[in-house]
Structures are given as C-alpha cells and as structure tokens.
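*Asks:* The following block contains the structure, expressed as structure tokens.
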Amino acid sequence: MSVPVHTLFFAAYRDRLGLSELTVELAQGATVADLVAELRGRGSPFDILPEQPAVAVNRTYAMLDEPLGAGDEVAFIPPVAGG
Amino acid sequence: MIFARVASEVIDPAEVLARVGSDRDGATLLFLGVVRDHADDRPVSGMRYDAYEEMAGEVLSKIAAEAAERLGTDRVAVVHRFGELAIGEVSVAIAVSSPHREEAYEASRYVIEQLKERLPVWKKEHYVDGVSEWVEGNVPPGTASGAEPAAVGTGGDA
C-alpha cells in the first residue's frame, strides 16, 4: 500500500521547479530521505533539490530520518530570509 | 498580550505599537524593518516577500512567546508582511514594552534575529537594472543542513 504525501515548494525551489505543490506516493515506512531520493531520481528539474534539504513536516522543521505517513505535508524550505 | 501575525496587508506601525505598553512599563520600543533602495552597491527598486503562511504564523508566535519569556512581560507584538513591497514600505514591525529599557532592547533584538534564522519567509530583490534575485538566506536550525536547534528563552531547553 502506498502512502500519499503532499509536498510544497517555496521561493527559489518553486521558481526553478515551475510548481508549488505535488502529491507523491511513497512506500509504507518511508522517511523524508526517501521522498528526497524519489524526487531527485526523477531527474530534471527535480535534481535541483539538494541531497540534504531543509524541510518542514506538518509545519515543523524536521530531519531527513523523519517518518512520513499518509496525508503528511512536507515543505522544502530554501534558506530563509525574513526581516 | 502576545501578538504575532504574518499577513499581506500594509503594516500600520501605530497599530502594532498600540498593542504593547502598560502603566507598569517605563520602556516601549518599536522596531521597523524597511525595504531599502540598494543591496551593497546595487540599486534596488522593490522587494517580493514569499511566506509559508500557515507555518510562518506559528513560528512567529513561538518567537514572540520566547521573547516575552526573556522580557519578563507579555507585551510583545510582531507583524511580518509578505507580497510585493516598494522602497520605504515596512516589512516587519516589532513592538515591546517592559518596566526597564534593558529587557525591552534585548527582547526586540531577539525577535528580529530569530525570525531571520527561523521564519519560513523569503525575499526576492528587484534591481533597477531589471534583474530579480532571491536573497541569500539562513538554513533553519533543526533541519538536515542546519545546526542543532539552539536552547532558547530563559526557561531552559524548551
């Protein structure tokens, strides 16, 4: 059974990918690292994503070993520049 | 009352300032971040701010609460704007008040420094020569390429 996760792209990532969101099907037990590998494995333009990106899972900053479940929201966070 | 908001509406500094202050406070501070007309030596014509709006609101609330803890009062108000901003427009307003100035300066400084580290907001400079570029930013703590989350506030490792 696959697990759908909702991915979001912001700022430079959104510009370079040409999209702001995407639903990705992952295997049960997948982590953020698996999501990154799945996306980067698609090649251009997804290979612009870093191997070790900053992400937020359900609006909280998370590491690559964070497990993902159905319906989770994973945002790819380019270096932030508020103020 | 602690107040934090991330929104596209024009910021009214007087409205943010009015959210702090009390008869117990001898110090009130208002900090404004303003879009300037240059980046290093390059003329800038405007700035676009993008935000992960829902998360940014939550992160800004946390930062304001941490600042309040340092301040020792609950008089902290911060508003960050997103969207297209012109030169001279306010991108962020931070108001704090406390019985004495020292804590107020510290808390105000804490909010601006922390939001630059952690707030999921991005800015793209529009240069007068017609080019636009995302401003180089910070990798937030607690992420793969960022540092370990720092212990924040005066309450320990919260």
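*Asks:* Can you pull out the residues in segment B:15-42 that are part of a strand (DSSP E or B), away from chain A (no Cβ under 14 Å), in contact (Cβ under 8 Å) with a residue 60 or more places away in the chain and not hydrophobic (A, V, I, L, M, F, W, C)?
*Replies:* Scanning segment B:15-42 gives B:THR28, B:ARG42.
*Asks:* State all residues of segment B:94-112 that are within 12 Å of B:PHE31 (Cα to Cα), of a type in the set (S, T, N, Q) and part of a strand (DSSP E or B); if no residue qualifies, say none.
*Replies:* Hit for segment B:94-112 is B:SER97, nothing else.
Residue by residue, here is whether (1) surrounded by fewer than 20 Cβ atoms within 10 Å (Cβ to Cβ); (2) facing another protein chain (nearest Cβ under 9 Å) holds:
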residue	(1), (2)
A:LEU22	yes, no
A:GLU25	yes, no
A:ALA37	yes, no
A:GLY41	yes, no
A:LEU64	yes, yes
A:PRO67	yes, no
A:ALA70	yes, no
A:PRO78	no, yes
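*Asks:* Can you give me the ranges of the strands (runs of 3 or more DSSP E) entirely in chain A with at least 3 residues that are among the polar types (S, T, N, Q)?
*Replies:* Once the strands (runs of 3 or more DSSP E) in chain A are filtered for at least 3 residues that are among the polar types (S, T, N, Q), nothing remains.
*Asks:* Can you find a residue that is surrounded by fewer than 22 Cβ atoms within 10 Å (Cβ to Cβ), facing chain A (nearest Cβ under 7 Å) and at pLDDT below 95 anywhere in segment B:122-135?
*Replies:* So far as segment B:122-135 goes, no, none of its residues is surrounded by fewer than 22 Cβ atoms within 10 Å (Cβ to Cβ), facing chain A (nearest Cβ under 7 Å) and at pLDDT below 95.
*Asks:* Determine whether segment B:5-14 contains at least one residue that is without any contact (Cβ under 8 Å) to a residue 40 or more places away in the chain, surrounded by fewer than 20 Cβ atoms within 10 Å (Cβ to Cβ) and not in a loop (DSSP other than H, G, I, E, B).
*Replies:* Yes, because at least one residue in segment B:5-14 is without any contact (Cβ under 8 Å) to a residue 40 or more places away in the chain, surrounded by fewer than 20 Cβ atoms within 10 Å (Cβ to Cβ) and not in a loop (DSSP other than H, G, I, E, B).
*Asks:* Could you tell me whether B:ILE63 is within 14 Å of chain A (Cβ to nearest Cβ), closer than 19 Å to B:GLU117 by Cα and outside any strand (DSSP E or B)?
*Replies:* For B:ILE63, the condition - within 14 Å of chain A (Cβ to nearest Cβ), closer than 19 Å to B:GLU117 by Cα and outside any strand (DSSP E or B) - is met.
*Asks:* Can you go through B:SER61, B:SER98, B:SER45 and tell me which one is more than 16 Å from the chain's Cα centre (by Cα), over 19 Å from B:SER132 (Cα atoms) and surrounded by 15 or more Cβ atoms within 10 Å (Cβ to Cβ)?
*Replies:* B:SER98
*Asks:* Looking at segment B:82-93, is at least one residue modelled with pLDDT of 95 or more, facing another protein chain (nearest Cβ under 10 Å) and either in contact with an Asp or Glu (Cβ under 9 Å, 6 or more places away or on another chain) or not in a strand (DSSP E or B) (or both)?
*Replies:* yes
The values are calculated or read from the model by the stated rules, or taken from the named source; none is laboratory data. From a predicted model like this one, the values you see are computed outputs, not experimental measurements. So basically every Cβ, Gly included, is an ideal-geometry build from the backbone, and we count neighbours across all protein chains shown.
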